[in-house]
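The values are calculated or read from the model by the stated rules, or taken from the named source; none is laboratory data. Note that the structure is predicted; figures quoted are calculated from it, not measured. Using ideal geometry, Cβ is built from the backbone for each residue, glycine included, and neighbour counts are taken over all protein chains shown.
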Amino acid sequence: MTCVPGEREVDGSRRAKWSIAHARLPDGVEFEQYVLRAPASAMALLIDAEERVLLMHRHRWVIDQWVWELPGGYCDPDEDPVACAAREVEDETGWRPTALKPLLAFQPWVATADSAQHLFVSYEATFTGAPVDVNEAEEVAWIPLAEVPARIASGEIVGSASVLGLQAVLLDRQRG
């Protein structure tokens, strides 16, 4: 996470940096804008033979809401996103994915932020024991994929990575 020429950091930590950037558009228009830079994140969808997905129920204090989410988190510096996803899933849920395959990658807020998000999917996992970080979630549960659209519609699943990843898997299943 480094600033580019014409960008000056105004606040930051190891997890996020805010800066003000001087930008010039192709048509010559110039302006200043706040920019958020955060490390890449990796999340994983674990889907079992019964067509259920592993989700975490947690309170997100920023929006003051209980939500269901995919397990995942920030990548360490120079950490491969697939290794990050595997590590985060096991730490947060106690399940170790056996083979993570790339599902999609995206930037959630391209007009203001640089925070690459990597999503992976695994159709097999091994339970290794209780989650390492017991404060990550109130509950870890296998939720039927058939329930996912209703949970998204009701606002139980709102995080962009969770919504995009789950919708991608559901769309892939519709296509056959």
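Computed quantities for the displayed model
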| read-out | value |
| --- | --- |
| Matching residues, region 62-96, being under 18 Å from residue 160 (Cα atoms) and in a loop (DSSP other than H, G, I, E, B) | 62, 63, 64, 70, 71, 75 |
| Which listed residue is in the same structural domain as residue 63 (by TED's automatic domain parsing), under 26 Å from residue 40 (Cα atoms) and part of a loop (DSSP other than H, G, I, E, B), from 134, 148 | 134 |
| Residue match in region 61-79 (condition: touching a residue at least 12 places away in the same chain (Cβ under 8 Å), out of contact with any Gly (no Cβ under 8 Å at 6 or more places or on another chain) and among the hydroxyl-bearing types (Ser, Thr, Tyr)) | yes |
| Answer residue from region 128-149, given it is under 21 Å from residue 49 (Cα atoms) and small (Gly, Ala, Ser) and is surrounded by the most Cβ atoms within 10 Å (Cβ to Cβ) among those | 141 |
| Residue that is modelled with the lowest pLDDT, among those in region 150-176 that are among the hydroxyl-bearing types (Ser, Thr, Tyr) and surrounded by fewer than 16 Cβ atoms within 10 Å (Cβ to Cβ) | 160 |
| Of the criteria (1) in contact with an Asp or Glu (Cβ under 9 Å, 6 or more places away or on another chain); (2) basic (Lys, Arg); (3) more than 14 Å from residue 70 (Cα to Cα); (4) at pLDDT 95 or above, which one residue 87 fails | (3) |
| Filtered residues of region 115-127 (kept if surrounded by fewer than 15 Cβ atoms within 10 Å (Cβ to Cβ) and either part of a loop (DSSP other than H, G, I, E, B) or under 18 Å from the mean Cα position of the chain (by Cα) (or both)) | 123, 124 |
